[in-house]
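Here is the structure we will look at.
Just so you know, all these numbers are worked out from the coordinates, no wet-lab data involved. Quick caveat: nothing in here was measured; it's all calculated off a predicted structure. Every residue, glycine as well, gets a Cβ built from its backbone with ideal geometry; the counts of neighbours run over all protein chains shown.
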Ligand code: PGA
């Protein structure tokens, strides 16, 4: 990570786990374990199922914790049964929203163009998108990873100006590492995160590229997070399974905050 130019972020992705009533207790338990530093060295985000958000929000007046959703509608309002708009998310206090998670692409047929529309809707509503990209095992084995991820990033951020891309977070999540216990090695993750930054640099410029936080996601846990976070282009994590346990999440938040408060590892330009 490189604290000089961008935020360190730990984002929990709870997926469809826990109950709304448990979210408040979780936040209460987490609060005393958050870094005490006056300067916010690590942005902590919990991306919860929709009904949890107002409950967790009411329970927590905690400035060190931001709430996020896991998806958003590509439409503004109207006859779209079951959907939740960006304006609705904003109204309940969401600051972030995951878009294009591989589970949405895989099980709900979400396309790159829908991801792009959702990114625009979120930014218009004042919410920062956490854009997920990542290759399948087959693509990795065929050595298509960098090209495929570059394609996904370009499609997701098409039409954004430099001010807008700076409000986005990109999460590199190799599909084969999600929920499988198989983590990408720190070198594999760093190579792709570096490639993502190069794509942003080619579309904008070096200054814009170095201000965007890029996260790794896929079986990240307390035992592998330090090595992943030691890479200059990995600015934090999007964490599924290990974000469901207060102690594990707190450990990773503090490891990230300690790294962000320390010396810079140097910039990969
Ligand atoms: P995992 O999930 O940490 O359980 O692998 C990450 C994600 O899907 O965001």
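A few notes on this one:
- Projected onto its three principal axes, the C-alpha set of region 1-142 covers 42, 41, 29 Å, listed from the longest axis down.
- According to the calculation over all Cα-Cα pairs in the chain, the P(r) per 5 Å bin from zero is 1, 6, 14, 19, 21, 18, 13, 6, 2, 0, 0 %.
- Counting neighbouring Cβ atoms within 10 Å and putting the fewest first, the residues 91, 235, 248 line up as 91, 248, 235.
- Taking the centroid of alpha carbons for each part, region 1-74 and region 180-197 are 24 Å apart.
- The ranking of 30, 244, 229 from fewest to most other beta carbons within 10 Å of each one's beta carbon is 244, 30, 229.
- Of 77, 102, 213, the one that fluctuates the most in a GNM where the chain has Cα springs shorter than 10 Å: 77
- Potential lengthening of the chain between residue 230 and residue 50 amounts to 61.5 nm, from the contour at 0.36 nm per residue minus the alpha-carbon distance.
- Take every pair of alpha-carbon atoms less than 8 Å apart whose residues are at least six positions apart; their mean separation over the length of region 9-268 yields a relative contact order of 20 percent.
- Neighbour-count ranking [beta-carbon atoms within 10 angstrom, fewest first] of 85, 23, 136: 136, 85, 23
- The DSSP beta bridges internal to the chain are antiparallel in roughly 0% of cases.
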